[in-house]
Amino acid sequence: MSRIETLVNGVLDGDRRALARLITRIENRAPDAPAALAALFPHTGRAYIVGITGAPGTGKSTVVNALARTLRAQERTVGIVAVDPTSPFSGGAVLGDRIRMTDLAGDRGVFIRSMANRGSLGGLAAATGDVVRALDAAGFDVVLIETVGAGQSEVDIARTAYTTIVVDAPGLGDDVQAIKAGILEIADILVVNKADRPGAENTVRALRATLELGHRLRSAGHHGPLLDQDDAPPEPALDLWNVPILKTVATERSGLDELAGAIERHRAYLSESGLYEERARQRVQAELATRLREELLARLLDERSPAAVAGVIERILARQLDPGSAVRELLNGT
Amino acid sequence: MSEEKIRVLVAKPGLDGHDRGAKVIARALRDAGMEVIYTGLRQTPEMIVEAALQEDVDVIGLSILSGAHMALVPRVLELLRAEGLADVLVLIGGIIPDDDVPALLELGISGVFGPGTNTDDIVRHITATLGARQ
């Protein structure tokens, strides 16, 4: 048996070391990773994927820790992927999310993996989706994804998770931030953490006002630009989900049963409304589009000589060629 | 396309509450392009080895100021072997009396780096030791 087959079988058998090693190979885009993912794919689709995002300092890691403990009390196994930023200067990273998750140590029903985003924008690493699949195939009931401290544009999580939780906290310049933040639009559940602090009610009020402004009759298509389809599905289902605003004090595990309950309700809502399948289809479309883009770009650059690309760059710099024409020229191979 | 990064777990076992040195090391390793998982204070050997397993690290850096190294280090190494992680490099920093260093190296520790160590030396030690294996 090849090394990668051994790893795949180990993952399916629940071998934690095999899972950890396979995740590394996925992150590193090792040459044998695609074959492993292909072998694991038939075993995926069972885990429920929950995203947790929000600005730095709102307590995302602590919420993840407390939520995982609540889920464990319900006897569900939990995989956690915690993403932190890679330094643009050195390519290294300090991944500190485990500091807030020491409660979960020693529990074999939990597997935590820290990931550096390795330069990816959007709040996740390029490989996060595949790492989540590995955890799914390994049999975890729930996978929690914690994004990098996100502000306004890091909305990739909504394309990866079924339920997206946006965490806010009092005292972060609420009113203005809440209105600015495009990130609120991806929230299926809003959490005001550190709710024992002064100003928590103001934060709740500001969030509620923003939600009301932002009309909740969003169509299911709001999760991002997708491939155009000739055979467009009939009418998209209207998203009538009422985004709940919950208060938690994650350090004391207060409000966590309510949060776990809201996730369950959202999950039931998605499946009853037909949105679950619709979003699954959109997710596949979006992933295909991304992967095709990467693959086609790599293939094209493979076919064109570096000198040809460099020549085009020089001509654009000299104002002899505009970037749009340059792209057509490279595509046509002239 | 393949891009490998050296992954390092920096942990503070034992009961002392000073993690300044550990944080300095974490930052220096990051600046050398490594991915550093920092787990914080008061980690038991069991927690450290479990984190090392899940994070699939190449290196564990232990910062020990409490004087308990001769109790903690053998336990970490024993657990690593039990989990099939004997190939992980283990480095120690903090306050380690010179007299204990030979015994620690004998146990299988890859290096001991006391106060005043130039962080570049630690980076070089890691890259050279891991590089020699390949």
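Taken together, the values in this text are just the output of simple stated rules run on the coordinates, not laboratory data. Computed from a prediction, not measured in an experiment: that's the story for all the values here. For neighbour counting, all protein chains shown are included, and Cβ atoms are generated from backbone atoms with ideal geometry for every residue, glycine included.
At a glance:
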quantity: Among A:284, A:210, A:137 the positive-end extreme of the charge dipole of the protein assembly as shown (Cβ point charges); calculated: A:210
quantity: Mean-position separation - Cα centroids, segment B:1-50 and segment A:101-153, in angstrom; calculated: 18
quantity: Sparsely packed trypsin sites (Lys or Arg not before Pro) within segment B:34-108, loop by DSSP, other Cβ within 10 Å at most 16; calculated: B:42
quantity: Computed [θ] at 222 nm, helices only, for chain B once each DSSP H run of length n ≥ 4 contributes -39500 (n - 2.57); calculated: -13500 deg cm²/dmol
quantity: Gain upon complete extension [residue A:197, residue A:293; 0.36 nm per residue less C-alpha separation]; calculated: 30.0 nm
quantity: Which listed pairs, of A:60/B:23; A:60/B:12; A:194/B:5; A:247/B:5, have C-alpha distances above 28 Å, in listed order; calculated: A:194/B:5; A:247/B:5
quantity: Helix-only CD estimate at 222 nm, as mean residue ellipticity for chain A, using -39500 (n - 2.57) per DSSP H run (n ≥ 4); calculated: -14000 deg cm²/dmol
quantity: Stretch gain in nm, segment residue A:73-residue A:13, where the contour uses 0.36 nm per residue and the Cα spacing is subtracted; calculated: 19.3 nm
quantity: DSSP-defined beta bridges in the protein assembly as shown - what % are antiparallel, rounded to 5; calculated: 5
quantity: R0 of 41 Å, Cβ-Cβ distance residue A:46-residue A:172: FRET efficiency to nearest 0.05; calculated: 0.65
quantity: Loop-located trypsin sites (Lys or Arg not before Pro) in segment A:113-161, at most 12 other Cβ atoms within 10 Å (DSSP); calculated: none
